[in-house]
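This report refers to the structure that appears directly beneath it.
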Amino acid sequence: MNEHPDHALELLQHQKDSIASFPEETQMYYHLLCIQARDKQYIEHTSDSLINQIVQYYENHDDAEKLMMAYYYQGSTYRDMNDAPRALKAFQQAVDVSKQDNILLPKAYNQMGSLFMYQDLYDEAIRVNRKNIELYTKLGQPNKAAYALRDIARMYSMKKASDSALHYYNRAYKAALADKDSARYYSILSEKGGFLYELGFIDSAKYILNMAAQHSAVKGKTHIYNILGYLYEDLQLWDSAYYYREKVMVSKDIYKKFNNYKSLSNLEKQKGNYIQALSLLEEAMSLNDSINKVTQTEAIAKINSLYNYQHTEKENAQLKLDKERQKSWTLVLAFVALLACSLCLFVVLYQRQKKAKAILEQKKRDQREAERYANSQAAIQDNNRRIAKLNSLLKDSITENDILKQELLKTQRKRLEIQNEEIIQYQKEHKLLLAEFKSSELYKEIWIASNNEDTNLALTKFPEKWVAIQDNIDRIYPDFTQRIKGFYPFLSTRSYKYVG
């Protein structure tokens with residue numbers, strides 16, 4: 001089961017037809033082993049009916065070890081069904097009934113950590129993954145905690161605690177290396193490479209990611225290729241960037257494909273292939289709707305899973321009340337409690353939705369400000385101040401004869417100089433595009449129409465004129481059309497053209 005779960009499942013399936021003649025205890029253990037074998041092969045669980053029967057059976061029989069195992073795979077089932085509350089409850093029950101330290105116990109904590117991470121509960125995720133590390137150490141297998149160490153690194157990264165995140169990434173890949181698990185080692189190492197890239201350590205990130213990309217132990221390398229694409233874009237090594245962008249195209253992840261199309265569009269623009277760049281940008285925009293739908297679906301799934309969990313818990317409570325034949329006043333109190341819970345849930349969900357909307361709007365504002373700043377004179381001035389500071393530090397490092405520090409400072413200075421050059425080129429291109437448009441016949445038509453109140457929308461009535469206007473505006477002010485649609489999704493076509 002542990003080394004070759006596929007062979008274990010094959011052997012179990014040979015007994016499928018004859019298992020019905022065995023005692024109930026044997027049948028339940030047989031079904032539990034089948035679920036375990038499928039789980040170990042990452043075969044997704046789609047129904048909870050069988051595992052719930054198994055859990056109910058062992059709850060009524062004195063076998064703590066099998067009950068703990070049943071709770072664990074009940075948690076795995078609800079995890080695959082995106083029911084985080086019930087999955088967490090099952091994994092916690094597995095922990096609670098365990099009477100001895102066995103191999104499933106640290107795994108239960110790691111699964112709980114993933115579920116907490118899914119719900120953005122970073123501190124809780126760190127807490128349970130530390131329990132995972134503690135248990136593996138107690139079992140004499142500290143190197144098995146590589147994934148728990150990696151997950152803690154992820155949480156610190158999300159909390160913007162870079163030093164702590166780097167510390168745990170280092171511990172994670174060293175643990176995997178000590179465990180002689182090449183796949184796990186390179187998986188964690190490649191993730192560390194992406195983290196170093198986010199911190200701005202380009203050379204270190206490039207070395208690690210290229211090493212991981214070339215190793216046969218790494219399965220599914222599109223996330224590595226994706227980061228390398230960004231990295232080589234930053235270095236303005238366009239051919240290398242284009243090479244990795246092409247390799248990302250096989251990915252089925254719409255988020256990666258969206259960013260990939262945008263990056264490819266930028267690369268084609270650098271080459272002067274504006275038609276191809278526009279085509280790729282349109283592909284990216286077509287995926288944007290899908291991304292929004294997925295985001296909404298995930299949010300709804302979280303709310304539904306919470307509702308279903310609470311609804312099921314209430315049903316169970318009601319069944320217990322009926323079974324125990326409580327007095328009528330108890331039923332009244334239960335109804336009041338249900339009403340209060342529903343009201344509280346409504347208020348909580350409303351507040352969360354309101355808060356989420358406010359956060360989204362703030363993010364949009366921050367993004368707009370960041371985009372304005374990124375191509376502004378203020379950004380150049382800030383970069384120049386940083387360059388001056390780096391030059392001062394560089395003089396000190398030359399005096400101290402610190403070669404490594406000199407190389408790092410030169411690399412950082414070069415990156416800032418490249419950023420300034422990109423901003424200057426962007427501003428220059430923007431001015432040229434604007435000047436070109438203002439000298440066109442179309443602009444003259446717009447100017448004449450805008451000064452005549454009776455005909456100021458006349459141009460928008462001709463599809464080819466409107467497309468030309470829209471294309472020119474979007475060339476000068478990138479994504480202008482999409483921004484208007486994003487801010488005012490319910491505008492009529494006529495109002496949208498007027499606003500535009």
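Do we have any residue at all in the range 63-71 that's hydroxyl-bearing (Ser, Thr, Tyr) and either part of a helix (DSSP H, G or I) or modelled with pLDDT of 95 or more (or both)? Looking for residues that are hydroxyl-bearing (Ser, Thr, Tyr) and either part of a helix (DSSP H, G or I) or modelled with pLDDT of 95 or more (or both), one finds at least one in the range 63-71, hence yes. Taking the range 434-450 as the range and being under 18 Å from residue 477 (Cα atoms) and assigned to a helix (DSSP H, G or I) as the test, the residues that pass are 434, 435, 436, 437, 438, 442, 443, 446. Output the residue which, of all residues in the range 134-170 that are of a type in the set (D, E, K, R), under 21 Å from residue 199 (Cα atoms) and surrounded by 18 or more Cβ atoms within 10 Å (Cβ to Cβ), is nearest to the chain's Cα centre (by Cα). Checking each candidate, the answer is 154. If you go through the range 98-133 and keep only what is surrounded by fewer than 16 Cβ atoms within 10 Å (Cβ to Cβ) and modelled with pLDDT of 90 or more, you end up with just 123. Of all the residues in the range 1-33, those that are in a helix (DSSP H, G or I) and more than 31 Å from the chain's Cα centre (by Cα) number 21.
Residue check: is residue 117 in contact with an Asp or Glu (Cβ under 8 Å, 6 or more places away or on another chain), part of a helix (DSSP H, G or I) and either free of Cβ contacts under 8 Å to residues at least 12 places away in the same chain or not small (Gly, Ala, Ser) (or both)? Taking the combined requirement at face value, the residue satisfies it.
Among residues of the range 77-87 being surrounded by fewer than 23 Cβ atoms within 10 Å (Cβ to Cβ) and of a type outside the set (Asp, Glu), the one that is farthest from the chain's Cα centre (by Cα) is 86. Being surrounded by 13 or more Cβ atoms within 10 Å (Cβ to Cβ) and of a type in the set (Phe, Trp, Tyr) is the filter; apply it to the range 42-76 and report the residue that is nearest to residue 32 (Cα to Cα). Taking the candidates together, the pick is 73. Of the helices (runs of 4 or more DSSP H) that lie entirely inside the range 457-500, those containing 3 or more residues that are modelled with pLDDT of 65 or more, in contact with a Ser or Thr (Cβ under 9 Å, 6 or more places away or on another chain) and more than 30 Å from residue 362 (Cβ to Cβ) span 463-476. Evaluating residue 228 against the criteria (1) over 25 Å from residue 183 (Cα atoms); (2) at pLDDT 80 or above; (3) within 21 Å of the chain's Cα centre (by Cα) leaves one unmet condition, (1).
For the range 97-120, filtered to residues that are hydrophobic (A, V, I, L, M, F, W, C) and over 17 Å from the mean Cα position of the chain (by Cα), the residue that is farthest from residue 61 (Cα to Cα) is 112.
The numbered conditions (1) surrounded by fewer than 16 Cβ atoms within 10 Å (Cβ to Cβ); (2) touching a residue at least 12 places away in the same chain (Cβ under 8 Å) are all true for residue 214 except (2). Within the range 12-40, residues that are closer than 16 Å to residue 60 by Cβ sit with their Cβ atoms under 7 Å from residues that are of a type in the set (Gly, Ala, Ser), at 6+ positions apart or across chains, in these pairs: 32/70.
Would you call residue 174 surrounded by 23 or more Cβ atoms within 10 Å (Cβ to Cβ) and within 20 Å of residue 155 (Cα to Cα)? The answer is no for residue 174.
The values are calculated or read from the model by the stated rules, or taken from the named source; none is laboratory data. What you see is a predicted model; the values in this text were computed from it and never measured. Here the Cβ is made from the backbone with ideal geometry for all residues, glycine too, and neighbour counts use every protein chain on show.
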